Amino acid sequence: MVQAQQIGKSFGPHRVLDGVSLDLAHGEVVAVIGPSGSGKSTFLRCLNHLETIDEGSITIDGEALAVQDASGRSQYVADREVRRICRKMGMVFQSFNLFPHMTVLENIIEAPMTVKGLRREAVIPKAEALLAKVGLLAKRDSYPGRLSGGQKQRVAIARALAMEPEIMLFDEPTSALDPELTGEVLRTMRELAHEHMTMLVVTHEMGFAREVANRVVFMDQGRLIESAPAAQFFAHPQHERTQAFLRQML
């Protein structure tokens, strides 16, 4: 579903991603862990074109999003194709990013109506089904300001699912939540995993990574240091830097 090869990204003189390669198979859940500033979130944002890459190539579901030319620089396909390919991915951010002036239901139906051109009456039943899925149908007419952080994040997940993505990207979805609210969001993500949704999750929740992820990758200083099946990763980390990180986190 996702093939990222030798991704390089710099902000001025700062090298944020340095030759990162990662494949994500259909139905696979991959957790990306590592210290702050290691490039995890930037890598995720590069996959769906919120950031552009300098070097390397990205292929989504067999379609090239960016390729590396003879000079070693990345070239993107036409803007229209970029938008079409990126619609295959849904993204959930740390900070929810809900529209405060819209109700929960309106937040969910806005993108399918605006981007896909679907009619309101056609979108509402699906939106209500998604709200039921995340346990928030009773909040359909509430405004985000009346919701807890955990509820806002579950609405954000439902909003991303409303576009019927084939791949879900999560950028530390529980980092802005109080500990007691984290569980309800992780439960929703577990249900998606059990439904074989393809998911790439940047997270600091080691329990979630161990329990739900098929594979765990560790990033540090802009590089992908280690990748292994979850059980193997936690039981027998190979790289010294991975071992030191896990000793601090577990």
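Each of Lys88, Lys116 has some number of other Cβ atoms within 10 Å of its Cβ, and from fewest to most they run Lys116, Lys88. In order along region 5-16, the Karplus-derived 3J(HN,Hα) couplings, from 6.51 cos²θ - 1.76 cosθ + 1.60 at θ = phi - 60°, round to 10, 6, 6, x, 8, 10, 10, x, x, 8, 7, 8 Hz, and Gly and Pro are given as x. For the chain, the Kirkwood hydrodynamic radius comes to 18.8 Å, computed from all pairs of different C-alpha atoms. Estimated at 0.36 nm per residue, the fully extended path between Gln243 and His194 surpasses their Cα-Cα distance by 14.7 nm. For the pair region 1-42 and region 175-212, the centres of their Cα atoms are 19 angstrom apart. Pairs from the table (Lys40/Lys126; Lys9/Lys126; Lys40/Lys152) lying more than 30 angstrom apart at Cα are Lys40/Lys126; Lys9/Lys126. A Förster radius of 41 Å combined with the Cβ-Cβ distance from Ala138 to Asp69 puts the calculated FRET efficiency at roughly 0.20. Indicate the gyration tensor shape class of region 1-98 (rounded, prolate or oblate), computed on the Cα atoms with a ≥ b ≥ c the square roots of the eigenvalues: a/c under 1.5 is rounded; otherwise a/b larger than b/c is prolate and the rest oblate. The shape class here is rounded. Here is the list for region 1-79: trypsin sites (Lys or Arg not before Pro) lying in DSSP coil, each with at most 16 other C-beta atoms within 10 angstrom of its C-beta, are Arg73.
A short reminder: the numbers here are calculations on the coordinates, not readings from a lab. The shown structure was predicted, so the numbers you read here are calculated from the model rather than taken from an experiment. For neighbour counting, all protein chains shown are included, and Cβ atoms are generated from backbone atoms with ideal geometry for every residue, glycine included.
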